[in-house]
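Rule-based calculations on the coordinates, nothing more; no lab input. From a predicted model like this one, the values you see are computed outputs, not experimental measurements. Cβ placement follows ideal geometry from the backbone for every residue including glycine, while neighbour counts extend to all protein chains displayed.
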Amino acid sequence: MKKNFRYSFLWLSCLLMAVTSVRAQVDSAARRPDTLVAQADTLRSGVALFLPLYLDSAFDAAGNYRYDKNFPKFFNPGLEFYEGAQMAIDTLAKEQVKLDVQVYDTRNAKESLQQELGDSALQRVGLIIGQVTSTSELQLLASAAAKKNIPFINVNYPNDGGITNNASLVILNSTLRTHCEGIYRYLQRNYPMKSLVFFRKNGVQEDRLKGYFTDIEKKTASVPLKIKYVTLDDGFDAAALAANMDSTQQTVCIAGSLDEAFGTRLCALLASLKTYRTTVIGMPTWDNLDLSRPEFAGEEIAYSTPFFINPADTLVKIIQQNFKTRFYSRPSDMVFRGYESVYRFSKLLLLHGKDLSGSIGEKRFKVFNDFEITPVFLNRQTMTLDYFENKKLYFVKKMDGNVVAVN
């Protein structure tokens with residue numbers, strides 16, 4: 001019952017927001033009244049949020065909820081992102097910052113995303129923040145931002161979607177190549193003399209991962225790592241892993257696949273080899289794995305992520321308590337991303353205006369993460385700015401499900 005109460009509250013909030021074209025108006029003096037408020041009257045200080053809320057899927061024409069007492073999981077990300085965004089808006093209101101927020105449901109059955117982007121209210125917007133679910137959505141939002149010459153913060157989609165020459169696009173959830181570059185440097189810093197084995201399976205995606213590593217190896221300014229690349233059969237066992245390791249020394253095993261089933265099997269089999277000392281380096285998708293499972297007992301596992309929520313952080317504790325009190329549950333990662341992206345980039349917008357190209361990487365309004373937002377030049381010959389990307393990665397090391405180190 002408590003869980004149903006939580007989601008009912010979220011749905012009520014989002015429905016009200018969608019029907020009334022919610023705008024959060026926050027007026028008077030800010031934390032920096034000499035700059036923020038003075039500029040707010042002359043700049044486009046509106047923020048547009050594009051989220052997959054599925055309001056038309058949840059309610060019929062008469063306004064009745066379609067799913068009785070059930071709550072489909074695909075509703076969660078958009079709703080929880082919105083809840084975090086609303087908390088950020090409330091915080092800005094307490095700081096007396098002037099802001100106008102427009103919210104669009106990218107799963108609106110009555111209008112396509114292309115039609116939503118033609119809304120006249122977007123003329124007052126100086127910043128777009130999007131929770132993207134597909135490459136086509138990414139391309140549409142990035143194109144619209146470029147035409148308006150305003151920043152588009154792609155909060156969650158770890159892909160450039162083939163986009164080039166678009167200085168409006170900001171990718172917060174680092175791309176796969178950036179993760180590979182970060183993992184390579186992490187290995188160079190921490191395990192340069194260890195035995196390194198890159199375990200993979202057959203597959204196009206796995207070929208791409210290996211290609212990133214071999215390309216980085218050729219271009220590194222430091223001493224290249226000596227990595228052994230091993231392709232495993234679908235039904236690989238512990239013996240197949242042991243054949244590529246030395247029981248007299250520590251082996252660092254790199255999981256060369258984003259397939260979570262492959263990663264789970266690899267970790268479990270390595271943990272079963274009690275006579276071998278191993279450390280597993282996983283992929284960014286491993287943030288979703290339950291690393292406390294008994295078959296992983298005693299295995300040291302590290303993976304990269306651009307988002308790390310420190311449970312000891314004061315604001316994190318406040319948000320967690322807020323969710324416990326209001327919704328009887330714990331906030332997901334999307335709640336924190338909603339809060340962080342709306343608060344941080346709205347403050348930058350109000351301080352600098354819609355042209356954030358020179359200030360998008362400023363850290364003065366840090367919330368939870370130390371983003372390192374840098375320009376990306378895919379073609380080094382033309383040196384054309386293609387987009388901005390967060391290059392900061394945290395390396396979370398876990399054993400028996402417990403965080404033992406964060407680098």
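Computed from backbone phi, the HN-Hα couplings of region 212-225 come to 4, 5, 5, 5, 4, 4, 5, 9, 4, 7, 9, 6, x, 7 Hz, rounded to whole numbers (Karplus: 6.51 cos²θ - 1.76 cosθ + 1.60, θ = phi - 60°; Gly and Pro given as x). Computed from the alpha carbon atoms alone, the convex hull of region 124-222 holds 132 Å³ per residue. 3J(HN,Hα) along region 349-360: 4, 5, 7, 10, x, 6, 8, 9, 4, x, 10, 4 Hz, from the Karplus curve 6.51 cos²θ - 1.76 cosθ + 1.60 with θ = phi - 60°, whole Hz, x for Gly and Pro.
Sparsely packed loop sites in region 263-362 (the trypsin sites (Lys or Arg not before Pro) outside DSSP H, G, I, E and B with at most 12 other Cβ atoms within 10 Å) comprise 274. Taking every alpha-carbon pair within region 296-407, the share separated by more than 16 Å comes to 70 percent. About its Cα centre, the dipole of region 231-347 is roughly 820 debye, where the only charges are +1 on Lys and Arg Cβ and -1 on Asp and Glu Cβ.
What dipole magnitude, in Debye to the nearest 20, does the chain give about its Cα centre under +1 on Lys/Arg Cβ and -1 on Asp/Glu Cβ? Please report the intermediate quantities before stating the final value.
Working: 49 positive and 43 negative charges, 162 e Å.
The calculated dipole for the chain is roughly 780 debye.
Residues of region 246-274 falling in the label zone of residue 290, defined by backbone nitrogen less than 18 Å from a point 7 Å along Cα to beta-carbon, are 260-269. Across 256, 358, 282, mean-square fluctuation computed from a Gaussian network of the chain (C-alpha pairs under 10 Å connected) peaks at 358. Structure remark: mean-square fluctuation, Gaussian network model of the chain, C-alpha springs under 10 Å; the largest value among 304, 168, 329 belongs to 329. Dipole orientation for the chain: of the candidates 278, 231, 163, 278 has the Cα lying most toward the positive pole (charges on Cβ; Lys, Arg +1; Asp, Glu -1).
In this simple spin-label approximation, residue 94 and residue 123 carry label points 7 Å from Cα along the Cα→Cβ vector, and these lie 3.7 nm apart. The length gained by stretching the chain between residue 231 and residue 249 to full extension, at 0.36 nm per residue less their Cα-Cα distance, is 4.3 nm. Modelled spin-label separation between residue 193 and residue 64, with each label point placed 7 Å from Cα along the Cα-to-Cβ direction: 7.3 nm. Dividing the summed -39500 (n - 2.57) terms of all DSSP H runs of n ≥ 4 by the residue count of the chain sets its mean residue ellipticity at 222 nm at -11500 deg cm²/dmol. Projected onto its three principal axes, the C-alpha set of the chain covers 67, 57, 39 Å, listed from the longest axis down.
Please give the residues of region 298-312, grouped as numeric ranges, whose backbone N is less than 14 Å from a label point set 7 Å along the Cα-to-Cβ vector of residue 400. 298-301, by backbone N distance to the label point.
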